[in-house]
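Note sheet for the following structure.
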Amino acid sequence: MTAAANLPASRDQATGQLYVPPRRFAADGSLRECEQLEVLAEGTLASWTRYRDQCYGLIDLPEGPRVQALLRDGPHELGATYVGHRGEDGTVVFRCG
Amino acid sequence: MADVYVTGVGMTPFGNHGPGMGVSLAVDAALAALRDAGTTFAEMDILYAGAAHPLSPRGVFVARELGLTGIPVQHVSNASATGLAAAHEAVTAIEAGRAEVALVVGFDSPETEMPTEAVITGEGHHPPVVSFALWARQRMAEFGTTPEHLAAVATKNWNYARSNPFAARRAAEPVTVERVLGSRVVADPFTSMMCTPWAKERQRRCSARRAHCPGSTRDGPFGLPPAHSNPTGSDPGRCSKGQSWAHPSSPATRPPRP
């Protein structure tokens, strides 16, 4: 199994707020530049559904952000740990870790 | 700051009218609103045209059909809030004194076929039904909302639509919760009868103006209760600059209440 993918992110160094996907500036309108970084694609499944043979989910990352995600085929378990892996086309797909 | 009133409303039925119908639909709805207000396009100081779909025609082409009067035409696009944003801009213009009478037209009918879902996913988002389904399932997990609760909302809407001549989908028979739950699953927990038919587009519009005489005896827009009474009772059925505007609803432009 391949290692968990990294997701592009950014952090407001003044407040510690983490943004996934990354923001250039802090959300408060101050135009404070954020630090660009990456976070591990791993978190807890908060919701999921299936639409046209594709599963989709909401993943809560440990540092707070909730990200929309593609999931491998289900069924899936709310509250379980999910890990994202990057495919050859660059798409990150999550599966139960 | 001037008081602002809605003086006329009109709309065309929701439905899939096919590509290339945007200007025609917008003009029909604008005519309904202008007739409801008892006025003409010549009385308008400015036109705000709202369209969310990027392939819907721009407002200048709607204005061109209504009259070559030289008024400013502003095209407004603000996703699902487009119609409201266009109306807000008209209110702001009247409050600021830049216009006395404004026409607001909201419409969406792309010139060529392009599903709205394709527009949204093309911007990097999940299909809208997926986003709403994820939120619904989260709510179900957190608050105990059930599919029956969601179906009850849809059932209420279906049954109100049965008596609305402008509704896109009008069921021949009363709709039950069981029928809504039993329709095709689109994205769990949503079934097809809980979802918007993507092929359908909508149009609605109203004209707004600063009234010199306060109040009206007529209902507010879209069946809302009247905000004022009309103590003057003057000049019913007319809406032009400097006049009051109290008159009964036009059956051609206003659906009967369910």
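No value in this document is a laboratory result; all are computed from the given coordinates. Remember, it's a predicted structure, so these values are computed and weren't measured experimentally. Neighbour counts are summed over all protein chains in view; Cβ atoms, including those assigned to glycine, are modelled from backbone coordinates with ideal geometry.
Restricting the calculation to Cα positions, tell me the Rg (one decimal) and the Dmax (whole number) of the stretch A:6-96 in Å.
Reported Rg and Dmax, both Å: 14.3, 43.
If you keep only loop residues by DSSP, which GluC sites (Glu not before Pro) in the stretch A:23-77 have at most 12 other Cβ atoms within 10 Å of their Cβ? Walk me through the intermediate numbers first.
On the way: sites: A:E33, A:E35, A:E38, A:E42, A:E63, A:E77; in loops: A:E63, A:E77.
In loop regions of the stretch A:23-77 (DSSP not H, G, I, E or B), the sparsely surrounded GluC sites (Glu not before Pro) are A:E77.
Could you rank the peptides A:16-22, B:99-105 by their average count of other C-beta atoms within 10 Å per residue, with the highest value first? Mind showing how you got there, number by number?
Numbers: A:16-22: 16.9, B:99-105: 25.7.
Listed from highest to lowest mean packing, they are B:99-105, A:16-22.
Within 10 Å of each Cβ in A:45-58, how many Cβ atoms from other chains are there, averaged over the peptide?
Per-residue shielding by partner chains comes out at 6.
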